[in-house]
Structure formats: structure tokens, C-alpha cells
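One structure is given here, and the rest of the page talks about it.
The values are calculated or read from the model by the stated rules, or taken from the named source; none is laboratory data. Bear in mind that the values here come from a model prediction, so they are computed numbers and not experimental data. Don't worry about glycine lacking a Cβ; one is built from the backbone with ideal geometry, like all the others, and counts go over all protein chains shown. For the accessible areas, the whole protein counts, side chains as well, though only heavy atoms, and no ligand, DNA or RNA atoms are used. Shrake-Rupley method; radii C 1.70, N 1.55, O 1.52, S 1.80 Å.
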Amino acid sequence: MQNMVEPLREVRDGYLISLNIGTPSQVIQVYLDTGSDLTWVPCGNLSFNCMDCDDYRNSKLNTVFSPSYSSSALRDTCSSHFCIDVHSSDNPYDTCIMAGCSLSTTLKGMCTWPCPSFAYTYGAGGIIAGALTRDTLRVHGANPNVLTEIPKFAFGCVGTTYHEPIGLLGFGRGTLSFLSQLGFLQKGFSHCFLAFKYANNPNISSPLVIGDAAIAPNGDLQFTPMLNCPMYPSYYYIGLEGIRVGNASVTTVPNNLREFDSQGNGGLLVDSGTTYTHLPEPFYSQLLSILESSISYPRAKEVEARSGFDLCYKVPCPNNTNPMNDDLPPITFHFLNNVSLVLPHGNSFYAMGAPINSTVVKCLLFQSMDDGEGPAGVFGSFQQQNVEVVYDLENGRVGFQPVDCALAASSKGLLHKGKK
């Protein structure tokens, strides 16, 4: 397959893609996640259990896959490389021994027992538990009216989760990832995330482009090198050199945002599965101080306390209309290779509600990075709105270009007027 184009739809905390799985096909809504490899779907109709997911209890997004209704669904075997990978095993015999096979049949490669159930943990604390399953996946090729069948696609059929109510499409670079299984690891992909105001709007989606078409020369894209992390080789890291507030001089960031230590910690992770950009201390507090000194609006301390965001301001809006042109300074990210990205208006400070008494509260949607192993910072999906992001895997680089993603979507026929 040369190219794929799938529509992405925005919801309040991510971007959804529809997976067509099984025979007959079942359509399951999952989040696009560039920060993980495993694709998984909730399984089991009434038996699917998500702990600590009260916010999603009655959500229409909770579509569940039923393997018993698919004639092409089967459990993966304990000897498959996908099974070994999902169990993070360095020993290729572990999974079959865990499944109950004898050492004799395991060594002879004759054990066909199912892959043991697995548990998978995410950086934000979510946990899933399920069975590795194979089934037919159907995707859109270059022709949006034609579905191409991908037999025996490997994914997690998940019966229980903690704080993970909706499945994920793993878009990392590991063995289990969607890109790896479909043969796109030497090509690339691109997305253009719609602005937050389109969240939950069923009438507009934006394209996720995969293959040669995604990395074709296009407009004013600026490319920064993809950094190879020895600890997490399947993730997308780039190097951040500095951040500029307004017209002030560029504030240099700590070295760990553009390089790794001997254990593989550091770098800026580009992650569609994390909503807000996270920056390490003490640099994050330094950035807050620079912003404070350049903004004259009164602080909204009560909203800060309630929302958990660190910098909120009361911005005047005559006639109670939300002002697009305020005096909040633009924020520019400076990446390696002299790449500068001015965050589109609304990607840094965002209105927390409707205007009241000719005032609207806008908060900085950045957060402090927790100390620990892994990336030094995360470039989240909220800051990627109205930016075309191109992952050129063939040449090991990530490109950025500010774009009106809704306008681009309508030009590609992804604006569905009146369609429900």
C-alpha cells in the first residue's frame, strides 16, 4: 500500500480515529497516540470494566469490540514475536512457558498455546489488561471510497483498565505499532489537529495522511532532526533549544531538552496522547516569571486554584465577545536546526469559559513536568493545533508548519455540512 488517509475527529482530550475490525466489520473509536506502540480496543460488551472512569460512564465514545461476533478473530500464539514484545520479554521462550507449554515443545517451536494475558502501563498512570488478538483490519487507501483489508492485524483485546476508558491506535515505531504492521516505518505520516473549538463537532474532521503523500514537499515546512533515544527507541523525540516570549530575547532551555543522559533520559517527546505541553523545573517556573513580567492583565487566582493551571488572566472583551486579538504575548519554540514555530493564537492561552461582565479568563495551557525517568519534556497535542506536523521517518526528521487545519480539511472534502 502506497498511501492511507483516515479522518481524525476532535473530542475534548484527544483525536479519534475509527477502526474497522473483524468479519463482519465492527467500527471502534480510538485515540491516535504517537507516544505508544500497542493498538488496543475495549472488548466484551457488558463485561468491559474501566476503573476510575466515572467521567466517561455514559459517553457515546465507549464503543466495544466483540471478538465472538467476528469469524476472523483469533488469539495470538505464545511463540509470536508480537506476544514476546507485548510482554517486554528478552527471552523468546518466556511467553510459552508462562502459557503452560513444556520446555520440550517450546524449544522445538511446536507450542501453539495462546499468548498469556498481558498488562500494559502508560506514563500518565493508566493501566490496561487483556489478550493479544489477531483480526482483519480495514483501512482507506488513496481512494477514500475503497477499503483495503489487512489480515491478522495484532492488537490488544482489553477487558479491564484503570483510567483508560477509550482504546488507542499505537503510532510509535516499535514492532507492535500500526505503522510497523502496515509497512510504513520507512515512510512517514502527517496530521493537522483541528482547533479545540471543534471538539465534539461531528461535521468536521481533519486528515491523518500515511505514506509517501505525507512526506512529499509541501509549502513552508521547517524540519528539525528526530533524536534517537536509546531507552525508548520507538518514540518521537526532538531537541528544544529555546523559547521566546513576545519580542524578548530567546530564553535558553536546559541541555536535557535536546540531548539524553547515559541512561537515555531527556529530550522533548512529541506526543499526541498528552494534551498539554510539559516543561521541566526550574525552567518552567522561569518561563512563568517571564510571562508574568510581560502581561499587564490582572491575575485570575481563583481560576488558577480551581483549574490547576498556573497562570490565568482576566482579559477584557467588550460586548462580551471573545477577543482573538488580545495583548497576550505570542510564544515561539526554537528547535534544533534553526527551526522556529510561533504557536498559533489560542495554543498557549485559552479561554476557560464564556465572557462574563465584559471579561474572559484565559489560562496558560502548559504544565510542569514531573521528575523521573523518561523525557525531559512533552510537546502536547493542544500546542499542535492548527499546525501541520510531518513525521518523515525515511529521513529521521519532524516538520512543522502553521496551517488553518479546518480550512485545509474543507479543501480536502472533510467538512460534512449537515451530516450527522
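In the range 366-381, the residues that are within 13 Å of Asn256 (Cβ to Cβ) form Cβ pairs under 6 Å with partners that are assigned to a loop (DSSP other than H, G, I, E, B) and hydrophobic (A, V, I, L, M, F, W, C), at six or more places apart or across chains, as follows: Gly377/Met369.
Count of the range 365-399 residues, restricted to those that are charged (D, E, K, R) and within 30 Å of Asn3 (Cα to Cα), is 4.
Just wondering, is there one or more residues in the range 372-384 that are assigned to a loop (DSSP other than H, G, I, E, B) and on the phi > 0 side of the Ramachandran plot?
Taking every residue of the range 372-384 in turn, at least one turns out to be assigned to a loop (DSSP other than H, G, I, E, B) and on the phi > 0 side of the Ramachandran plot.
Annotation: of all residues in the range 352-371 being among the β-branched types (Val, Ile, Thr) and touching a Cys at 6+ places or on another chain (Cβ under 7 Å), the one that is farthest from Leu287 (Cα to Cα) is Thr359.
Residues of the range 102-126 that are under 20 Å from Ala154 (Cα atoms) and touching a residue at least 60 places away in the same chain (Cβ under 8 Å): Tyr120, Tyr122.
Which of (1) among the β-branched types (Val, Ile, Thr); (2) open to solvent by less than 10 Å² (accessible area, probe 1.4 Å); (3) at pLDDT below 95 is the odd one out, the single condition Val398 does not satisfy? Single failed check for Val398: (3). Regarding Thr136, is this residue in contact (Cβ under 8 Å) with a residue 24 or more places away in the chain, within 20 Å of the chain's Cα centre (by Cα) and over 25 Å from Tyr93 (Cα atoms)? Against the criterion (in contact (Cβ under 8 Å) with a residue 24 or more places away in the chain, within 20 Å of the chain's Cα centre (by Cα) and over 25 Å from Tyr93 (Cα atoms)), Thr136 does not qualify. If you take the residues in the range 294-311 that are farther than 22 Å from Leu279 by Cα and out of contact with any strand residue (DSSP E or B) (no Cβ under 8 Å at 6 or more places or on another chain), which one is least open to solvent (accessible area, probe 1.4 Å)? Filtering first and then ranking leaves Glu302. With respect to the conditions (1) open to solvent by less than 20 Å² (accessible area, probe 1.4 Å); (2) within 28 Å of the chain's Cα centre (by Cα), Val315 falls short on a single one, namely (2). Scanning for something more than 28 Å from Ala142 (Cβ to Cβ), under 26 Å from the mean Cα position of the chain (by Cα) and not polar (S, T, N, Q), does the range 7-28 turn up at least one residue? Yes, the range 7-28 contains a residue that is more than 28 Å from Ala142 (Cβ to Cβ), under 26 Å from the mean Cα position of the chain (by Cα) and not polar (S, T, N, Q).
Can you tell me which residue among Val339, Val389 is closer than 21 Å to Ala199 by Cβ and either open to solvent by less than 20 Å² (accessible area, probe 1.4 Å) or touching a residue at least 12 places away in the same chain (Cβ under 8 Å) (or both)? The unique qualifying residue is Val389.
Which count do you get for residues in the range 147-161 that are open to solvent by less than 10 Å² (accessible area, probe 1.4 Å) and touching a Pro at 6+ places or on another chain (Cβ under 9 Å)?
2
The set of residues in the range 216-253 that are closer than 26 Å to Ala142 by Cα and either without any contact (Cβ under 8 Å) to a residue 40 or more places away in the chain or within 19 Å of the chain's Cα centre (by Cα) (or both) comprises Ala216, Pro217, Tyr236. The single condition from (1) within 23 Å of Gly35 (Cα to Cα); (2) open to solvent by less than 60 Å² (accessible area, probe 1.4 Å); (3) touching a residue at least 40 places away in the same chain (Cβ under 8 Å) that Ala129 fails is (3). No other residue among Gly188, Gly219 is over 30 Å from Asp52 (Cβ atoms) and at pLDDT below 90 apart from Gly219.
Note on the range 366-387: among residues that are touching a His at 6+ places or on another chain (Cβ under 8 Å) and aliphatic (A, V, I, L, M), the one that is farthest from Leu208 (Cα to Cα) is Met369. Out of the residues in the range 271-293 that are β-branched (Val, Ile, Thr) and modelled with pLDDT of 95 or more, which is most open to solvent (accessible area, probe 1.4 Å)? For the range 271-293, the residue satisfying everything is Ile290.
Among the residues of the range 222-252, the ones that are modelled with pLDDT under 95, β-branched (Val, Ile, Thr) and more than 21 Å from Phe309 (Cβ to Cβ) come to 2 in all. Quick check on the range 345-362: of everything there that is among the polar types (S, T, N, Q) and buried (at least 18 other Cβ atoms within 10 Å of the Cβ), which residue is farthest from Ala195 (Cα to Cα)? The extreme case among them is Ser348. Say whether the condition of being of a type outside the set (S, T, N, Q) and over 24 Å from Gly123 (Cα atoms) is met by at least one residue in the range 364-386. Within the range 364-386 (the criterion being of a type outside the set (S, T, N, Q) and over 24 Å from Gly123 (Cα atoms)), the answer is no, since none of the residues qualifies.
Selection of the range 65-96 for residues being touching a residue at least 40 places away in the same chain (Cβ under 8 Å) and more than 20 Å from Arg173 (Cβ to Cβ) yields Phe65, Ser66, Pro67, Tyr69, Ser70, Ser71, Ser72, Ala73, Leu74, Arg75, Asp76.
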